[in-house]
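The values are calculated or read from the model by the stated rules, or taken from the named source; none is laboratory data. Since we're looking at a predicted model, the values are computed, not measured. Virtual Cβ from ideal backbone geometry, glycine too; neighbours counted across all protein chains shown. Remember, those area values only see protein heavy atoms, side chains included, never the ligands or the DNA or RNA. Shrake-Rupley method; radii C 1.70, N 1.55, O 1.52, S 1.80 Å.
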Amino acid sequence: MAETALSAIPAPLRDLVRGTAIVVEETPDDETLAEMGIDNPWDLTGLYRGVPLTQKSVLDVPLSPDTILLFREPILLEWIETGEELFRLVRNVLIHEIGHHFGLSDADIDRLEGEEG
């Protein structure tokens, strides 16, 4: 579902993350929660790990691949609590994480979430 959701985000945004790994984990680990300053693991549905495109250089040696982490249990909890369509929720988490990674505002992200791929 995550790969299908990635293919459904707007093409300009999708093109920026070509080659990015999508990893689905049950919940965020304690280290990630501490790093993000989050106490409740159910509050984090996704995370983008990588070097911002604006900070990459062709001369840099990549230390690790850019990765989008989706946290299955928090996403399912949000799905149950909100009643939003699960596919749309996963797609919006992807857009949100990619958008913040590239420095987009919440308004820009909201607009992208409303667009079809």
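Some points to look at:
- The residue that is farthest from residue 75 (Cα to Cα), among those in region 17-32 that are touching a helix residue (DSSP H, G or I) at 6+ places or on another chain (Cβ under 6 Å) and hydrophobic (A, V, I, L, M, F, W, C), is 17.
Here is a yes/no grid of residues against (1) open to solvent by 40 Å² or more (accessible area, probe 1.4 Å); (2) at pLDDT below 75; (3) within 19 Å of residue 20 (Cβ to Cβ):
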site: 57; (1), (2), (3): yes, yes, yes
site: 82; (1), (2), (3): yes, no, no
site: 95; (1), (2), (3): no, no, yes
site: 103; (1), (2), (3): yes, yes, yes
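- Residues being at pLDDT 90 or above, open to solvent by 80 Å² or more (accessible area, probe 1.4 Å) and not in a helix (DSSP H, G or I) - total across region 16-39: 3
- Near pairs, Cβ below 7 angstrom, 6+ apart or cross-chain, from region 81-104 (of a type in the set (Phe, Trp, Tyr)) to any residue that is in a loop (DSSP other than H, G, I, E, B): 87/1; 102/52
- Hits in region 14-27 (condition: under 18 Å from residue 45 (Cβ atoms), of a type outside the set (Ser, Thr, Tyr) and within 13 Å of the chain's Cα centre (by Cα)): 17, 21, 22, 23, 24, 25
- None of 47, 33 is in contact (Cβ under 8 Å) with a residue 40 or more places away in the chain and aliphatic (A, V, I, L, M) except 47.
- Selection count, region 105-117, where residues are over 21 Å from residue 1 (Cβ atoms) and either of a type in the set (D, E, K, R) or modelled with pLDDT of 90 or more (or both): 4
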